1. How large is ³J(HN,Hα) for each residue in segment 212-219, as worked out from phi by the Karplus curve 6.51 cos²θ - 1.76 cosθ + 1.60 (θ = phi - 60°), to whole Hz, x for Gly and Pro?
2. Based on alpha-carbon centroids, what's the gap between segment 180-237 and segment 249-311 in Å, whole number please?
3. Using the crude model of +1 on Lys and Arg Cβ and -1 on Asp and Glu Cβ, and no other charge, please compute the dipole size for the chain relative to its Cα centre, in debye to 20.
4. To the nearest 0.05, how large is the calculated FRET efficiency for residue 73 and residue 35 if R₀ is 22 Å and r is the Cβ-Cβ distance?
5. Estimate the FRET efficiency between residue 95 and residue 189 by the formula 1/(1 + (r/R0)^6), using the beta-carbon distance for r and 30 Å for R0, to the nearest 0.05.
6. Once the Cα gyration tensor of segment 57-205 is found, what semi-axes does its equivalent ellipsoid get, as square roots of 5 times the eigenvalues, in whole Å, sorted largest first?
7. Classify segment 168-288: rounded, prolate or oblate, from the alpha-carbon gyration tensor (a ≥ b ≥ c, eigenvalue square roots; a/c under 1.5 rounded; otherwise prolate if a/b is larger than b/c)?
8. Going down the table (25/277; 58/258; 164/258), which pairs top 19 Å between alpha carbons?
Amino acid sequence: MERQLKSTSKQKYLIVVVGPTAVGKTDLCVNLAAHFQTDVISADSRQFYREMHLGTAKPTIAEQKGITHHFVDSHSIAEEYNAGAYEQDALQLLDQLFVEKDVVIVTGGSGLYVRALCEGMDEMPETDPAIRAELAAIVETEGLSPLLMQLQQLDPTYYSLVDKANPQRVIRALEVCLSSGQPYSAFRKSERTTRPFQIIKIGLTRDRQELYNRIDIRMDQMLAQGLLDEAKALYPYRSHNALQTVGYKEIFDYLEGKYDWDEAVRLLKRNSRRYAKRQLTWFTKHPDEYTWFHPQQFQEIVSFIVRKLGS
């Protein structure tokens, strides 16, 4: 059953701040939270996990500057956590926060989790875990191509929409197809769930080369701080969905001898840039949904929010 907020006499606002990795979301949201005297909710699907630090660019205690951050270090990598569970948990948290706060900030680069909170998740059928394991094994041994061919056959509608470089999305769609005997797209709803709060959506972006330079610098910093050792500690959990992603997968492949260290570093940077591009593609699919700013336009962003609050 869908979780709803308690009724309140005053309108409440959720400020959603999205953008690609390394664009500068953390600093901006900390400053916004200080300005509006509120908390920050993370919608980054990897920052939930306590064991994942460097590879997720999780905000440090110093970077949080005393602002309460929710859904950071909230779960263990040994747990399975998904967007549907996040939707319910985040709505319950907002129920509590909106008792005393009129504005709350949510931020992240995980488009699916942002959508879950703002619009609700589709009702999907139960799936067979054995099918997911079998599909993941195929990706591990043969790559994504066989699964894409199968998805194109079973659900050409979703195949035309899916990010074909994202194994999690492809596996998820196929496991639903194979478990239910129906196309994955048949379960995807077109209507949005109405929320009892207003949503103000802000996107952050930079010049492409500026963003890519920041990504390269961030990767160098992560490596210098010990990303290799962190990945070694997480290696036993490498099949976990949260670790099937840029920043860890390249190092896992290095540990398995698929290429040397220099190639691993090159792929880390290249794939991080590609990931940022996919994030921007997700958030710009509907051009009018977000109002876009450079992260350094703090006063302009505050003015925009204040206008929205008064409208």
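Quick note: the coordinates plus some simple rules give every number you see, no bench work behind them. This one's a predicted model, so the numbers in the text were calculated from it and none came from an experiment. Counting neighbours? That spans all protein chains shown, and the Cβs are built from the backbone with ideal geometry, glycine included.
1. Result, ordered by residue: 5, 5, 5, 5, 4, 5, 4, 4 Hz.
2. 7
3. Values: 38 positive and 41 negative charges, 208 e Å.
In debye, rounded to 20, the chain gives about 1000.
4. For residue 73 and residue 35, the calculated efficiency is 0.35.
5. Using R0 = 30 Å, I get an efficiency of 0.80.
6. Working: eigenvalues 213, 71, 42 Å².
Over the Cα atoms of segment 57-205, the ellipsoid semi-axes are 33, 19, 15 Å.
7. Judged from the Cα gyration tensor, segment 168-288 comes out oblate (a/c at least 1.5, b/c at or above a/b).
8. In this structure, 58/258; 164/258 lie more than 19 Å apart at Cα.
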